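See below for the structure under consideration.
The values are calculated or read from the model by the stated rules, or taken from the named source; none is laboratory data. Since this is a predicted model, take the numbers as computed values, not measurements. Cβ placement follows ideal geometry from the backbone for every residue including glycine, while neighbour counts extend to all protein chains displayed.
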Amino acid sequence: NAGVTQTPKFQVLKTGQSMTLQCAQDMNHNSMYWYRQDPGMGLRLIYYSASEGTTDKGEVPNGYNVSRLNKREFSLRLESAAPSQTSVYFCASSERRGGVYGYTFGSGTRLTVV
Amino acid sequence: AQSVTQLGSHVSVSEGALVLLRCNYSSSVPPYLFWYVQYPNQGLQLLLKYTSAATLVKGINGFEAEFKKSETSFHLTKPSAHMSDAAEYFCAVSFAGGTSYGKLTFGQGTILTVHP
């Protein structure tokens, strides 16, 4: 009953470095999402994947890429990190039942770019 | 496009006082509405959700919210605040069908402070 697992929990990068944030869910959900959280701005959608094999841009996709490796895993990649990408990143998954989506969030990755 | 506005980035109440956190949404189709709570350095926890079954929704920890279509609002209330309610609260909206794919749109968040 792990739900949504994100790794790592904390990361410090230097400007220009690259890294991949990992996300895995064990609930057999079709849809997965990456959000970033910044003070005073709530959570903003970076990318989402409606189902295995598909991905699409959200509200703030610039500087990021994603991969839906299989139904369980949805990774977020920063190719060349910038200080503006300092944020807390949340992965989520959802399934639609009876017309209503139910969501499960990971515990977050706190990323600092110096 | 859907949007959510939370009125008041900070709300301060005394312990035992009424908690009222405001949320307004804009949408051209019937929405699903959610309230989440986030305690410091933690993830998001669902408080309650509106899915068109009933306009008054009761959630965990004594919170409730009322969907008012005419006012496009979904305000969160609790009759008596407790110190443990101090946290940040997020209102969010999603839609079924079409190309929504369940994407959640969040408000900016409201930090609730509870004074002894």
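Within the range A:6-24, how many residues are over 12 Å from A:Ser75 (Cβ atoms) and not hydrophobic (A, V, I, L, M, F, W, C)? Steps first, please.
In the first step, residues of the range A:6-24 are kept if they are over 12 Å from A:Ser75 (Cβ atoms); the result is A:8-18.
In the following step, the residues that additionally are not hydrophobic (A, V, I, L, M, F, W, C) were identified as A:8-9, A:11, A:14-18.
Here the count works out to 8.
One residue alone among A:Tyr64, A:Tyr103 is of a type outside the set (Gly, Ala, Ser), at the interface with another protein chain (Cβ under 8 Å from one of its Cβ atoms) and closer than 29 Å to B:Ala87 by Cβ, and that residue is A:Tyr103. Considering the range B:13-45, and only residues there that are hydrophobic (A, V, I, L, M, F, W, C) and assigned to a loop (DSSP other than H, G, I, E, B), the residue that is farthest from A:Tyr103 (Cα to Cα) turns out to be B:Ala17.
When you scan the range B:60-75, do you find a residue that is among the β-branched types (Val, Ile, Thr), part of a strand (DSSP E or B) and under 24 Å from B:Ser14 (Cβ atoms), even just one?
Looking for residues that are among the β-branched types (Val, Ile, Thr), part of a strand (DSSP E or B) and under 24 Å from B:Ser14 (Cβ atoms), one finds none in the range B:60-75, hence no.
Just name the residue that is nearest to the other protein chains (Cβ to nearest Cβ) out of those in the range B:21-37 that are free of Cβ contacts under 8 Å to residues at least 60 places away in the same chain and more than 11 Å from the chain's Cα centre (by Cα). Among those that are free of Cβ contacts under 8 Å to residues at least 60 places away in the same chain and more than 11 Å from the chain's Cα centre (by Cα), it is B:Ser26.
Of the set (1) more than 26 Å from B:Tyr32 (Cβ to Cβ); (2) in a strand (DSSP E or B); (3) in contact with a Ser or Thr (Cβ under 6 Å, 6 or more places away or on another chain), all apply to A:Tyr101 but (1).
Please indicate, with yes or no, whether at least one residue in the range A:45-52 is more than 21 Å from B:Ser100 (Cα to Cα) and over 13 Å from the mean Cα position of the chain (by Cα). No: zero hits.
Residues that are of a type outside the set (Val, Ile, Thr): list the strands (runs of 3 or more DSSP E) wholly contained in the range A:1-58 that include at least 2 such residues.
Working: elements: A:4-7, A:10-13, A:19-25, A:31-37, A:43-49.
Per the criteria, A:10-13, A:19-25, A:31-37, A:43-49.
Looking only at residues in the range A:6-51 that are more than 23 Å from B:Val4 (Cβ to Cβ) and of a type in the set (Lys, Arg), which one is nearest to the other protein chains (Cβ to nearest Cβ)? That would be A:Lys9.
For the range A:67-100, a residue qualifies if it is away from chain B (no Cβ under 13 Å) and small (Gly, Ala, Ser), and the qualifying residues are A:Ser67, A:Ser75, A:Ser80, A:Ala81, A:Ala82, A:Ser84, A:Ser87.
The residue that is farthest from A:Ser93 (Cα to Cα), counting only those in the range A:20-50 that are free of Cβ contacts under 8 Å to residues at least 60 places away in the same chain, touching a Ser or Thr at 6+ places or on another chain (Cβ under 7 Å) and surrounded by fewer than 20 Cβ atoms within 10 Å (Cβ to Cβ), is A:Gly40.
Summed over the range B:77-107, residues that are in a loop (DSSP other than H, G, I, E, B), modelled with pLDDT of 90 or more and crowded, with 18+ Cβ neighbours inside 10 Å total 3. Is it true that B:Leu48 is part of a strand (DSSP E or B), in contact with a strand residue (DSSP E or B) (Cβ under 6 Å, 6 or more places away or on another chain) and closer than 20 Å to A:Gly99 by Cα? So B:Leu48 fits the description; yes.
When restricted to residues that are of a type in the set (Ser, Thr, Tyr) and more than 20 Å from A:Thr5 (Cα to Cα), the range A:78-111 contains 3.
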